[in-house]
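Single-structure report; data block below.
The values are calculated or read from the model by the stated rules, or taken from the named source; none is laboratory data. Computed from a predicted model, the values in this text were never measured in an experiment. Cβ placement follows ideal geometry from the backbone for every residue including glycine, while neighbour counts extend to all protein chains displayed. The accessibility values were calculated without ligands, DNA or RNA, using every heavy atom of the protein model including side chains. Shrake-Rupley method; radii C 1.70, N 1.55, O 1.52, S 1.80 Å.
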Amino acid sequence: MRKIVIAGNWKMFKTQAESENFLSGFLPHLEETPSEREVILCPPFTDLSVMSKYLHGSRVNLGAQNVHWEENGAYTGEIAAPMLTEIGVRYVIIGHSERRQYFGETDETVNLRLKAAQKYGLTPILCVGETKQQRDAGETEKLISTQLEKDLVDVDQTNLIIAYEPIWAIGTGDTCEATEANRVIGLIRDQLTNPHVSIQYGGSVKPNNIDEIMEQPEIDGALVGGASLEADSFARIVNYQ
Ligand SMILES: O=C[C@H](O)COP(=O)(O)O
C-alpha cells in the first residue's frame, strides 16, 4: 500500500522564532487532515530541536535537508544521522537539485547518504529530476533512469520515498503538467523493485494546483518549497480535496 506523503521543504528560510510562529498557525488546520496522510516539515538544522519539542504529541514529522554518510568526523559544515535521530528527526531529503547544482552533490555521494540515513533509521526522500535543457533535448527518461540506477545501488527500497522534481519547475511557478508528472512518475515506478515506494511530485506546487496533482493515479504526494512557508498555504495543500 502506497502512503500519501506531503512534505514542506523550507530550504534556507525561517529562524527558530519564525518556525514557532508558523506552527502556531499551521497545527490547528490539521484537525481537518485525513489521518492516513503523512505530513512532514523539513526546516533548516537550527530549527529542528525547537520544532521537535513544539511538535511533541502532534502528527507532524520532522525531516532534515541533508545528512552525511559518516557517523561523526572532521567534516566541517556537515551533519550526522545520530545527531538528527537523537532530536526526533525521522526523514531526510537527499539529492535535492540545489545540493547537486550548488554544493557538488553527485550520484555517488547521494548513494552514500541514502545508505547512511537508512542505517540509522531515517527515511530518505530521494530527489531526482531533469533540467530544462535535458527535457528539451528529449533526455528526461534517460537522465532519471541513470540517476535512479546510480543513487539506489544497495539502497533498501522498503524504507524510501522518491520525489520527482523537474528542475525547471522549481521555484519558477512553471508547474509540470499534472499528467506529464504522472507519466514520468510511472516510469520511475517501473524502474523500482518495490512497487510500494511512495513517489511525490515537486516543483511549484501551490494551493491552486494541488488538487489536480493529487488526482493523478501515480502521484503519492508532494514536496513543497515556497508554498510551505506560509501556514494557510501549506495547510490548504495538506488538506487537498
Ligand atoms: O523541495 C522542494 C522543491 O524544490 C520545490 O520548490 P517550489 O515548491 O518552491 O517550486
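Within the bounds of the range 120-142, is there any residue that is in contact with a strand residue (DSSP E or B) (Cβ under 9 Å, 6 or more places away or on another chain), open to solvent by less than 60 Å² (accessible area, probe 1.4 Å) and free of Cβ contacts under 8 Å to residues at least 24 places away in the same chain? No. Among the residues of the range 200-241, write down those that are within 8 Å of the ligand (Cβ to nearest atom) and farther than 23 Å from Lys132 by Cα. Within the range 200-241, Ser228 is the sole residue that qualifies.
Restrict the check to the range 97-104 and report whether at least one residue is of a type in the set (A, V, I, L, M, F, W, C) and either within 16 Å of the ligand (Cβ to nearest atom) or in a loop (DSSP other than H, G, I, E, B) (or both). Spell out how you get there, then give the answer.
Step one: list which residues in the range 97-104 are of a type in the set (A, V, I, L, M, F, W, C), which gives 103.
After this cut, where a residue has to be either within 16 Å of the ligand (Cβ to nearest atom) or in a loop (DSSP other than H, G, I, E, B) (or both) as well, the list is 103.
Within the range 97-104, one or more residues are of a type in the set (A, V, I, L, M, F, W, C) and either within 16 Å of the ligand (Cβ to nearest atom) or in a loop (DSSP other than H, G, I, E, B) (or both).
Does the range 136-167 hold any residues that are over 25 Å from Lys3 (Cβ atoms) and more than 16 Å from the ligand (Cβ to nearest atom), and which are they?
If we filter the range 136-167 for residues that are over 25 Å from Lys3 (Cβ atoms), which is where we start, we get 136-143, 146, 150, 167.
Asp136, Ala137, Gly138, Glu139, Thr140, Glu141, Lys142, Leu143, Thr146, Lys150, listed by residue number.
Looking only at the range 12-53, filter to residues that are under 16 Å from Leu223 (Cβ atoms) and surrounded by 19 or more Cβ atoms within 10 Å (Cβ to Cβ); which one of those is nearest to the ligand (Cβ to nearest atom)? Checked the range 12-53; the qualifying residue nearest to the ligand (Cβ to nearest atom) is Cys42.
Sub-6 Å Cβ pairs linking a first residue in the range 66-86 that is assigned to a loop (DSSP other than H, G, I, E, B) to a second residue that is acidic (Asp, Glu) and surrounded by fewer than 18 Cβ atoms within 10 Å (Cβ to Cβ), at least 6 apart or interchain, are His68/Glu78; Ala80/Glu71, ordered by first then second residue.
Would you call Leu192 more than 16 Å from the ligand (Cβ to nearest atom), under 23 Å from Glu105 (Cβ atoms), in contact (Cβ under 8 Å) with a residue 24 or more places away in the chain and touching a Pro at 6+ places or on another chain (Cβ under 8 Å)? So Leu192 fails the test.
Just one of (1) aliphatic (A, V, I, L, M); (2) farther than 23 Å from Gly221 by Cβ; (3) surrounded by 18 or more Cβ atoms within 10 Å (Cβ to Cβ) fails for Val5. It is (2).
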